[in-house]
1. Would you point out the residue of the stretch 520-537, among those that are open to solvent by less than 80 Å² (accessible area, probe 1.4 Å) and among the acidic types (D, E), that is farthest from L688 (Cα to Cα)?
2. Which one of these is in contact with a His (Cβ under 8 Å, 6 or more places away or on another chain), within 27 Å of D720 (Cβ to Cβ) and assigned to a helix (DSSP H, G or I): I448, I443?
3. Given the criterion surrounded by 13 or more Cβ atoms within 10 Å (Cβ to Cβ) and hydroxyl-bearing (S, T, Y), identify the matching residue among S1189, S1193.
4. Could you run through the stretch 458-500 and say how many residues are touching a strand residue (DSSP E or B) at 6+ places or on another chain (Cβ under 6 Å) and free of Cβ contacts under 8 Å to residues at least 40 places away in the same chain?
5. Kindly indicate whether S792 is touching a helix residue (DSSP H, G or I) at 6+ places or on another chain (Cβ under 6 Å), at pLDDT 90 or above, open to solvent by less than 40 Å² (accessible area, probe 1.4 Å) and hydroxyl-bearing (S, T, Y).
6. Condition first: surrounded by 15 or more Cβ atoms within 10 Å (Cβ to Cβ), under 45 Å from the mean Cα position of the chain (by Cα) and assigned to a loop (DSSP other than H, G, I, E, B). Now tell me which residues in the stretch 1054-1086 satisfy that.
7. Could you look through the stretch 1207-1222, keep only residues that are of a type outside the set (A, V, I, L, M), part of a loop (DSSP other than H, G, I, E, B) and in contact (Cβ under 8 Å) with a residue 12 or more places away in the chain, and pick out the one that is most open to solvent (accessible area, probe 1.4 Å)?
8. What single numbered condition from (1) surrounded by fewer than 23 Cβ atoms within 10 Å (Cβ to Cβ); (2) modelled with pLDDT under 95 fails to hold for I448?
Amino acid sequence: MPPSTPKPGPSKKDTSKKSKTQNATETSKQKRTINLNSSEKKPSHNQTSIQEPRKLTDRHFTLAERMQRIYQYPPDDSGDSNGPRHDNDEREISDINVIPTPSEITSSRPPFLPSDAPNAARHFLPKGWKRQLDIQFRLSREDMLSDLRDGLNEFIRALDKPLPNSQASLTPLRNRITDKEFAMVHQHVNVYENVKFNWLNQVAHREIGAEMSFLQPVMRTAYTYEDRREFWMNSKKRLMEQQLVCFIWRAGEEEMEPNITISRNPFNIIFGVIIHRDLHRLSVDSHLAYITVQFRPSDYIKILEGASEGNFSENFMIESPGAYFEAFKPILEALKQSPSSTMPFGRYLAPKGNIADASTNGDVQPPRYATKPEFQFDLSVVCGGKSLKLDVRDASSRTKAINGLRKFSDLDDSQAKAVVETLSREVALIQGPPGTGKTKIGIDLVQILLHNHEKAQLGPILCICVTNHALDQFLEHLLDKGVKNIVRVGSQSKTERLDEFNLSELKMKKMRPYNLRSEIRELEKEFNETVARAARIFNAWRYLSWRLLGPFLQKRCPKQFTNLDHSTCPLQFPLQNNDYRDPFIHWICGDDIKEKQAEIQEKKKGQNIRQTNRFTALSGEGNNPSSNSYRTAKKSWANSVTTDIPMTNRPLAELDLNPNVWHMSLNERNRLVESWEPIVMKSERRELQRELPGLLHKCDQLLESLQYKRSGTTLSVFRDSSIIGMTTNGAAKYRDLLLSVAPKVIICEEAGEVLESHILTALSLHTEHLIMIGDHLQLRPQVNTYRLRTDSGMKYQLDKSLFERLVTSTENAALPMSTLETQRRMRPEISELIRMTLYPNLIDGENTGAYPAVAGMMNNLFFMDHRNPQNARNAEEQSFSNDFELKMVKAFAEYIVLNGYDQPGDVAVLTPYLGQLAKLQRTLSDTFNLSIDERDKEQLDQAKAQRGERRETDEESSNNDKALQKKKRPLTLRTIDNFQGEEAKIVIISLVRNIEKNDRRGQIGFLKSENRTNVLLSRAQHGMILFGNADVMERGSPMWANIVKKLREDGRLGPKLPIVCQKHSQTKNDVDTPEKLKVVAPEGGCALMCNKKMQCGHICPSECHPYDPKHTTFHCLKPCRRYHHACGHPCPKNCCDSCGECEVIVGPITLNCGHKLATTKCWQAQNRSKLFCTVMAERKLLTCEHSLSMMCSADITTVRCTQLCKMPLPCGHKCQQNCLECQDYNLEKPTVGERIERTYHPVCTSSCGKIPSCGHPCSLTCHPQNACLPCQPCAANVALRKMETLTLGDAIVAHGNRRF
């Protein structure tokens, strides 16, 4: 929680005022502390708001007090003890705010970064839990802030260069910073320009923050809304929700403040957290994007006072996309809150002395729950029901249990030993080298613990993993074993099988008590009201409202008040969103002037002037044009606005008390309001400044209370479950709830990839058994800052997991570890590469020796050594790639798939670099159905967004796969880091790194890491092919030197790839280019012809193909050699086609009807009864007297008549309906082929046609029962003559009147 932003030192005349304010602040904080201590304890895991600091900063201390505090601060790396580096530099980590302060982020002194490495500087704290938590907190926080601090300071230095002229600050950022400076800044951070604070915004009834607008970042294709939405959708790491952002703006001369380490800071700096990221709001405007950010309550005042006014081109927002704040914050807050006095397993994890000195024999003690009298583990659940007991306190019982597991279960020797040792140690470590079954051991242990659940009174078991992917896999294995009472915490699960076990789904099934629901509703109501009040105050600060201006004008100039107040204004205004806007708003916006301008434009265009304008009454009596109020409004409007638009620019003194406000120009109105604003807002802003932070604090407290009330349902779900599965970050978020659940057993899967801090925050006083399963020789935890990694050679080693620290400790005795020794994945020549370098005791399972040789290869393992340089990195390609390997991988993948490896999971292509992965995806997608991990896909989409490429949607991808799934073969494509824990029959590796034009030696980058190399070389089951430069790899690291040496000795390394034809074993080729591979093995075999008989008997005309040896999918295009049995004619089709019926033309034949068929096919002549005569003939129908033209073969009994009926009607007309309709009208029951007498007909629809005496025919529809109506033409003529007579009479009378 960030402390208050440092304020300028008070002047002498403000000293007393400052003291009073300070005392009031301290008093309020004391009161708040008392209230919180006396209230019910609330969990902090859901606390999302940015809180105020709980203490005064260093600036509030006297010089003597500051000198006294100097000796209380930890020294930096240089041993300097000159006191605090900044206002967030504290000895106790519980006093350090997770979010940095401006003074801290711009400090020139390096932060205090301790380490527990043997060669590190001595820590100021003694060994133990407090020191260990301190180290993890400070290093983890530095990993979060390093890029942001470096990028921000680079940006400030570049931006604060002397400006060439007074207008330079108005130029775009790109033109003010050199390309080199811009590149240095963007190595660490993203910068957004012209940031503006719009208004206070409530997000989904949860949090409150300020909506900010900023210039859209540079996009290559952003012409439409869809393009911008595509960009932001792909840029998932840009402005993520719960990301930390830094807002800076240039400080005025009076705002510059002295810092502890720098004399003058030209920029104001505040920090906030993004709480809402809406794709629509980011994309809707072509110029601006919108985001909602939450700040500390006191920072909103600072924003309103400075950042919301002036030149917005000097306002910037900065983020560090490499360090996601939400991934750090829960861990750091949990480390701060972890009480060192109650942390478990201190004798092993944070010993004050040597581990061997902590116990009598150096062994780890059994779990506390397993030492209860008479307690024994029942192992029958993994022994097929066979009875087997384990007493962890008895050595003979442990030996018996190991032998029993070997005999009755499917565990091998090392696995059985690992299970028993894990159950016997309160801190248990299981190392699982590649392919040894780490996950199986974890699942078996969970089954045993659940089987003994009630007897041991364990409560829920907490299963944690560092990634959602690993967690999903582990929980799915539990489902396979029948474990159903699971709760999966988090919304990032990618498997549908776990949907019904998700926390959100399980919570929906829980009903809150009525009283609790009522309390939540009351809190929500109070929260919403408080938010609305805070928003009104925020907006009132920024915009001068009539609520404040009205009383001022009423005293100062009553006539101005009368003309602008809604109750007395002479003008009427339209509705806006079902409500009236204040006349003042219309006035300051110039709506009346705009209306007049519109009317003038219409006149110029020759259009009719609108009879009414917008400024009229729209409700009540005013809607009636004849009403007095309506006419008054029209008149007032006409009087207030002359025919000319006001364009004057009079002095302010002339405007000050001028009552004719509606005759002022827009410029005059704005200047007048600007003169009113300081006077009106001065006292009001002091009041708002006191009220707004309090309201925002209240919002935070209400939100915290709401989350606490709602968390009861989550707690109930946790307590009712047997397994709680969550990521390590999730465990830190829900730390307080987990303390209430008090799980005794914690199982950490892939512990070698988990940062130590993530496991420490999951521990509590109630933890009795910690089980870590992993391999410290495979991938290490991910750390953003290079200098904090072990590979950097520096002392910090933040990426050394707790697992690795415990088993490799030299200062303290290493903790005992169970190692799985039998691998069942790799064939022996592949496993030898990691056995000779990392795992000397690794044993090959019997199944690995029975693997078949890789089809089409001379060697099951081969390194193709080449000297084709890697691509140079530039602005387009930030990652490494190699075009030669790109083509070679595609050619070899097509070759190996043609040799029979065409099922999902058979072939995997791995590469260490995202740049090569992106190119491989584009190249291979034309030929293969690619399986790409979600983590890789997210990074690829991000890279596409930066290049301006369009991302393929899931729907398009799905449709594409469906359309081509029968033509394309499956292939797995991954980066090395995202393939740990997985395997494939054939693994193709593109190492990428090679010589460069300017560096003929070449570098191997992070491939020198033994952990990454271990993962790379241990994924293949049957075969592995590597493409790279052997000399470069050999020079890159000692491990690669041993591997290259071994491959050379065994003849598995060379400049050409040796292949062999499966069918023609004597045909062998050495290929060094993709083009040659396609020439010598166009179909995956060799260039020889197949020459095998196909099922049809013909010889296969294709080149040698190892796939489909029985030719079941081949289509023979030679002429068919079969004869039709019925007629003996040869089949004229291709061999692959079905012969079907004989199509040979046999000449004309006479049909049964007597007509002749000229071009008769053989099959037609064989069965004339099936032929239909198509000759058209006139035939008399059976049901009526009509005849119709139809095909000769038509069935006359089914033909319906389509002619008009024409039968005479009683009225004298002929029936005009279709004959078939009249038949249906007279038909009582269905008949076939019989005459139907049409006696009854529908109503006649003909015109009457009768001619009366006037001679005009009747135009009405036939009406036999009624007489014809009077003639309409005649009646019209009579009326016309009458009208002419009346008109003439009126004219005569009028003429007579004028005469007299």
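The values are calculated or read from the model by the stated rules, or taken from the named source; none is laboratory data. What you are looking at is a predicted structure, and each value in this text was computed from that prediction instead of being measured. We place every Cβ from the backbone using ideal geometry, glycine too, and count neighbours over all the protein chains shown. When the accessible area is computed, the model is the full protein with side chains, heavy atoms only, and any ligands, DNA or RNA have been set aside. Shrake-Rupley method; radii C 1.70, N 1.55, O 1.52, S 1.80 Å.
1. E524
2. Values: I448 fails: in contact with a His (Cβ under 8 Å, 6 or more places away or on another chain).
Of the residues listed, the single one that is in contact with a His (Cβ under 8 Å, 6 or more places away or on another chain), within 27 Å of D720 (Cβ to Cβ) and assigned to a helix (DSSP H, G or I) is I443.
3. Details: S1189 fails: surrounded by 13 or more Cβ atoms within 10 Å (Cβ to Cβ).
Just a single option satisfies the conditions, and that option is S1193.
4. The number of residues fulfilling the criteria is 1.
5. Details: touching a helix residue (DSSP H, G or I) at 6+ places or on another chain (Cβ under 6 Å): yes; at pLDDT 90 or above: no; open to solvent by less than 40 Å² (accessible area, probe 1.4 Å): yes; hydroxyl-bearing (S, T, Y): yes.
The answer is no for S792.
6. Result: K1056, D1072, T1073, A1081, P1082, E1083, G1084, G1085.
7. Out of the qualifying residues, it is P1210.
8. (2)
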